[in-house]
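Structure first, commentary second.
Derivation of every value follows stated rules applied to the coordinates shown; laboratory data play no part. The shown structure was predicted, so the numbers you read here are calculated from the model rather than taken from an experiment. Cβ sites come from the backbone with ideal geometry, for glycine too, and all protein chains shown count toward neighbours.
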């Protein structure tokens with residue numbers, strides 16, 4: 001087996017001697033073999049450094065890498081651990097974020113208003129509007145522009161405003177809808193925690209079913225989305241009929257009496 005001094009190991013792994021020492025101090029890299037006053041590393045150290053680099057590329061901190069390696073050394077399959085991690089952290093939406101500048105965002109919230117009309121708004125109202133949009137997650141300030149996490153969501157708000165719905169009402173609906181969705185999400189996540197026994201620390205320490213846990217989490221995505229779509233469609237139909245049937249009947253009766 002090939003052996004390396006610390007600078008040779010760092011070069012082979014594409015890192016620095018300082019990082020190698022830091023990894024040793026943090027416990028993610030096992031100690032080298034000593035020959036007199038010389039520390040010698042081998043292929044196992046090189047493989048570990050490459051693994052650390054891969055995990056860092058995935059966004060893991062040294063602390064979480066240490067936990068993963070400890071679990072691995074305790075008998076867990078690292079691929080299984082990473083499979084659960086991937087299932088937990090993969091984005092649920094494939095929607096690409098957008099970017100928008102202040103004037104265009106203002107135009108979406110105040111369609112058709114001229115600069116003079118915007119200047120005539122109550123003092124601070126425009127700033128409040130943009131700040132409230134940030135608080136509700138419509139946008140995130142990024143220097144002179146804004147990042148739009150969900151262009152589709154921002155478009156819904158803009159179309160409601162364009163249809164004549166007051167902006168304050170749009171914000172109120174957005175806040176209440178977000179709260180309701182968080183409650184629904186919490187229920188489905190709790191289902192996964194309960195079914196996977198993820199809150200049982202004694203079971204987690206010895207569990208061998210990580211692929212099944214990852215599979216459960218992956219199945220949860222389409223099932224939860226399908227359930228919400230179906231229930232929302234049914235609830236919308238029932239609410240529309242319950243709240244408008246009498247009014248529509250009255251309109252029809254009065255129209256027929258003319």
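At-a-glance table
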read-out: Cβ-derived FRET efficiency at R0 41 Å, residue 185 paired with residue 145, nearest 0.05; value: 0.90
read-out: For the chain, calculated [θ]222 nm from helices alone, where every DSSP H run of n ≥ 4 adds -39500 (n - 2.57); value: -22000 deg cm²/dmol
read-out: Top of 144, 101, 194 by mean-square fluctuation, Gaussian network on the chain, Cα under 10 Å; value: 144
read-out: Computed over the chain: relative contact order in percent, which uses C-alpha pairs under 8 Å that are six or more apart; value: 15 percent
read-out: Two-site FRET efficiency, residue 248 against residue 219, from Cβ-Cβ distance with R₀ of 41 Å, rounded to 0.05; value: 0.45
read-out: Cα gyration tensor, the range 108-214 - rounded (a/c under 1.5), prolate or oblate; value: prolate
read-out: Rounded to 10°, Cα long-axis angle of helix 17-26 versus longest principal axis of the chain; value: 80 degrees
read-out: Structure-derived P(r) over Cα pairs in 10 Å bins from 0, in percent: which label, when the choices are (i) 7, 30, 33, 18, 8, 3, 0, 0; (ii) 5, 18, 19, 19, 17, 11, 6, 3, 1, 0, 0; (iii) 6, 22, 22, 16, 12, 9, 7, 4, 1, 0, 0; value: (ii)
read-out: Helix 125-135 vs. the chain, principal-axis angle (Cα, 0 to 90°, nearest 10); value: 50 degrees
read-out: Of 219, 187, 18, the one that fluctuates the most in a GNM where the chain has Cα springs shorter than 10 Å; value: 18
read-out: Distance (nanometres) between label positions extended 7 Å along Cα→Cβ at residue 61 and residue 96; value: 3.2 nm
read-out: Computed label-point distance, nm, for sites residue 240 and residue 40 using a 7 Å Cα→Cβ extension; value: 7.8 nm
read-out: Residues in the range 155-190 that a label on residue 121 would reach, taking backbone N under 20 Å of a point 7 Å out along Cα→Cβ; value: 155-175
read-out: Residues of the range 121-136 with amide N under 11 Å of the 7 Å Cα→Cβ point at residue 113; value: 121-130
read-out: Virtual paramagnetic centre 7 Å along Cα→Cβ of residue 25, amide N under 17 Å, in the range 35-62; value: 62
read-out: FRET efficiency for residue 70 and residue 193, using Cβ-Cβ distance with R0 set to 22 Å, rounded to 0.05; value: 0.45
read-out: Reference-scaled alpha-carbon Rg (2.2 N^0.38 Å with N residues) for the range 3-75; value: 1.07
